[in-house]
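Working notes for the structure below.
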Amino acid sequence: MVIVFVIAGMMFLTLALLLLAPFRVYVNTASNEYYISLQGIARFSPRFQQDQWVISAKVPFYTFEIPLKSSPEKKKEAKPKKERKKRSSRTHLRFSSLLRLLKRLIRSFRVRKLYLDLDTGSYPLNAQLVPLFLLVKSDVISLNTNFQGVNRCEFLLTSRPIKMVWPFVQCFVLEN
């Protein structure tokens, strides 16, 4: 019986670690560095290699690559048109609940760093953006304009998986 409690306790601690570990999304266009990581557990970074996308995955003590193969083109055959059924109002409710879910998922992320260096190619528009960017500037957010033709973006978003699971529970369990 003690063994069952030990195994259940270890499973509970593993689940708690997975739900509470910080989740990061990092994008840096200047150095072409992009990754999604579950801090201390796994890190996934996409890259383009030899005419196909490859996802490089790193877990403790092991690194591997997952090639993403494009699906072959399927020829479309002419199908007879079917009569469309009238949609029920429940479909509208499902769509609105999915929009609410998307909004809650986006709100579960926190912006830890946002750096944008923008050149629109138009001097007047760049000059008009300067006061706007100065109003938005803070410790975390840095928006700049330049007149050199350089565009850079760097951001870091963080969240925890438990914060991303909770909107699903609210949307599908508590609202029905």
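Given R0 = 41 Å, the distance between the Cβ atoms of Asn126 and Leu20 translates into a calculated FRET efficiency of 0.40. Note on Arg110/Ile41: beta-carbon distance plugged into 1/(1 + (r/R0)^6) with R0 of 30 Å gives a FRET efficiency of 0.95. For the chain, the relative contact order comes to 25 percent (Cα pairs under 8 Å, sequence separation of at least 6). Basic side chains Lys and Arg get +1 at the Cβ, acidic Asp and Glu get -1 at the Cβ, and with that the dipole of the chain about its Cα centre reaches some 1280 debye. Measuring r between the beta carbons of Phe168 and Thr63 and using R0 = 45 Å, the FRET efficiency lands at 0.90.
Modelled spin labels at Ser96 and Met10, positioned 7 Å past Cα toward Cβ, are 4.9 nm from each other. Cβ-to-Cβ counts within 10 Å put Lys69, Lys163, Lys103, Lys113 in ascending order as Lys69, Lys103, Lys113, Lys163, the fewest first.
Rounded if a/c is under 1.5, else prolate if a/b beats b/c, else oblate: with a ≥ b ≥ c from the C-alpha gyration tensor eigenvalues square-rooted, which is the range 9-56?
oblate
Put the Cα centre of the range 17-65 next to the Cα centre of the range 106-129 and the gap is 25 Å. The residues Phe23, Phe109, when put in order of fewest to most other Cβ atoms within 10 Å, stand as Phe109, Phe23.
Laboratory data are not the source of any read-out in this text; all were calculated from the coordinates shown. Quick caveat: nothing in here was measured; it's all calculated off a predicted structure. Please note: Cβ atoms are built from the backbone with ideal geometry, for glycine as well, and neighbour counts cover all protein chains shown.
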